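Colleague: Please see the structure below; I have some questions.
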Amino acid sequence: MLLRLFEHISSSVVRYQRIFFVIMFVAFVVLLLVESQHNFRFSPTYLAKKQSRKSATFAPFGSGGQTTDRPVNVSGVFHTGSSIQREHHKGGHFIIDPLQSKTEPEVRGRPQIHEDKTEVEIAKHWQPSADQMKALSEHHIRQSLDFEAEDILVFMHIPKTSGKTFNKHLVIDMEVPEEIRCRCKTLDKPHGCKCLNSDGYIWLFSRLTTAWPCGVHPSWSDLSLDCLNHAMSRKEGRNRKRKFTIVTILRSPYTRYISEWHNIQEHGQWKPFQNLRCYPLTRENFCYEDNWVGVTLDQFLDCPNNPGNNRQVRMLADLHMANCSQILEWLDMPEIKDEVQDISKRYQYIINNPLLRSAIHNLKHLTFFGLEEHQRESEYLFTRTFGYTFKSHFRQAKTFSEQVVISRRQRERILDLNRLDLVFYRYARELFFKRLHENVKRKHLFLADNVDFTTEATLA
C-alpha cells in the first residue's frame, strides 16, 4: 500500500514538474522584457533623443560674421577645449522654436518658454542642414587632466545655476587619488577646502578652494585676464607653467532669473564685482541705496541696469572686444521688439548680436559644461569627458522657481529682458544633448540609481 502511494506521488511530481518549469520560464522571460524596457527608458540615449525632439529648431552659430580672434593674455597655458587657438566661423543662424505655454493668467510650477505666432512662422523657414547639425559637437574632445602636473580645473560659477552643489561634488565626491584629495574644514564659506597635489600646488580653482581672487562670480573676461594666473602664483608662492581648463553649469534663463530675484529679495544686494567691468554698480546708476530686501518682482524687472538680465551671455562673452557704450547697447534688448517691427529683421538683429556670438563661440570651445535641469546627464558627460567618477550621483533638487506664481505679463517681460540668454540656452541645450548622445552606448547603459554607469563593464 505504501509502495503504491509512493509511486503515485512520484509520478504526480514528475508530471507537474514539467508544468512548473514551463511557468517559471515564461515568467522569467516576461520579467526580462519588463526590465529591459524600464532600463531603456532611463538610458541617456533615450533621454537625449527624447530631449532632442523637444529642443529648439536651430542651426549653428555664425550668420555670416566672424568672432574676435583675440589671444589670451596669461603666462600660463589657457585651455578651454582641445586647443587655445581661436577659430573663425562661417554662416548659419539660430532659431528659437516655440514651446507651447499655458494660457492661464498665472502659472505655477516650472514655466515653459512662450513665443508668439510670428516666431513660429520664422522657424518654419529657417531649418538647419545636416552639415550644420554635425558641426555642433566637432569641438568636444575627451581630455585627461593630470593634476600632478600642470592641469588646473577652473569652475566658472554663474549665479543661481546650482553652482554651489556642483562645487561640493568636485571637492567631496570626485574620485581622485588619495594623495591629492581635497581637505575641507567647511563647505559653507569660501576657501573652506584645500585641493593640493603632491607638490603642494592647487589643482582646483573655485569658490570653495580659492575664494574669489578675480572678483565674486568672475566672468570669462575676468578669468581670461592675467588675474587667473597671477592669483594662482600669489597663492602658491611661485610662477610656473599652468594649463587652465574652464567648466561651468548653465540653466534655463527663465528659472535662473526667478531664482536671482528671490536671492536679492532675501539678501538685499548683489555682491561686489557682479557687474560689467566698464560699468560698475553704484548708487548713481542703480536701483537701490542701502539694500533691496523685500524687492517685488515688478521692481526687479523695472531696474534699468539689472545685472541679472542676460547674465549667462554676459558671463560667457568676451567683454573686452568692444568699448563700454557698445556693450551696454548690445545688452539693451527690450527695445528691439518695438524698434524692429519686421520679425525676420528682429531675429537677424538678435542672432547677429556680438555678445551672443562671442558667448556661443566660447561655449563651443569649453571641454565641458553641464545643465542644471539635467543633473545625472551632466554627471555622466563629465565622467566621459575627464575620466573622473563621483562617489554619489548628482541629484535633481526642487527650486523656488517651481513654486512661484507670476502673471503672464511678468513672464513675458522676463523673456523679453533675457532674449539673448534664451537664444544662447537653446544652442547650449542642443549642443549638450548632441555631446551626450555621442558618448552613450545604449546597450547595458542605464541611469537607474542602482547602476554604476561609469564602470568599464557598463560602458562596453
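Colleague: Looking at residue 218 and the list (1) part of a loop (DSSP other than H, G, I, E, B); (2) surrounded by fewer than 21 Cβ atoms within 10 Å (Cβ to Cβ), which single condition is not satisfied?
Modeller: For residue 218, the failing item is (2).
Colleague: Of 453, 446, which residue is at pLDDT below 95, farther than 28 Å from residue 146 by Cα and of a type in the set (A, V, I, L, M, F, W, C)?
Modeller: None of the others qualify; the one that does is 446.
Colleague: If you don't mind, another one. Could you list, ordered by first residue, the pairs with Cβ atoms under 7 Å in which the first is in the range 417-436 and within 17 Å of residue 358 (Cα to Cα) and the second is in a helix (DSSP H, G or I) and among the small types (Gly, Ala, Ser), at least 6 apart or interchain?
Modeller: Qualifying pairs under 7 Å: 424/359; 431/137.
Colleague: Examine the range 381-397 for a residue that is in a helix (DSSP H, G or I), more than 18 Å from the chain's Cα centre (by Cα) and in contact (Cβ under 8 Å) with a residue 60 or more places away in the chain, and state whether such a residue exists. Reasoning before the result, please.
Modeller: Applying the first criterion (in a helix (DSSP H, G or I)) to the range 381-397 yields 381-386.
Restricting the remaining residues to those that are more than 18 Å from the chain's Cα centre (by Cα) gives none.
Checking the range 381-397: not a single residue is in a helix (DSSP H, G or I), more than 18 Å from the chain's Cα centre (by Cα) and in contact (Cβ under 8 Å) with a residue 60 or more places away in the chain.
Colleague: Here's another thing I want to ask about it. Can you tell me how many residues in the range 392-414 are over 14 Å from residue 298 (Cβ atoms) and buried (at least 20 other Cβ atoms within 10 Å of the Cβ)?
Modeller: Selection size over the range 392-414: 2.
Colleague: Still on this structure, please answer the following. Identify, please: which residue in the range 244-294 is assigned to a loop (DSSP other than H, G, I, E, B) and touching a Gly at 6+ places or on another chain (Cβ under 6 Å) and is, among those, modelled with the lowest pLDDT? Steps first, please.
Modeller: Residues of the range 244-294 that are assigned to a loop (DSSP other than H, G, I, E, B), as a first pass: 251-252, 268-275, 277-278, 280-294.
Cutting the leftovers down to touching a Gly at 6+ places or on another chain (Cβ under 6 Å) gives us 273, 291-293.
On the way: 273: 44, 291: 78, 292: 82, 293: 86.
Step by step, filter the range 244-294, then rank; the result is 273.
Colleague: What's the number of the only condition in (1) at pLDDT 90 or above; (2) part of a helix (DSSP H, G or I) that residue 124 fails to meet?
Modeller: The number of the failed condition is (1).
Colleague: Additional query: With the structure loaded, tell me whether residue 299 is assigned to a helix (DSSP H, G or I), surrounded by fewer than 19 Cβ atoms within 10 Å (Cβ to Cβ) and modelled with pLDDT under 80 or whether it fails that test.
Modeller: On the way: assigned to a helix (DSSP H, G or I): yes; surrounded by fewer than 19 Cβ atoms within 10 Å (Cβ to Cβ): yes; modelled with pLDDT under 80: no.
Answer is no for this residue.
The values are calculated or read from the model by the stated rules, or taken from the named source; none is laboratory data. Note that the structure is predicted; figures quoted are calculated from it, not measured. All Cβ positions, glycine included, derive from the backbone under ideal geometry; neighbour counts span all protein chains shown.
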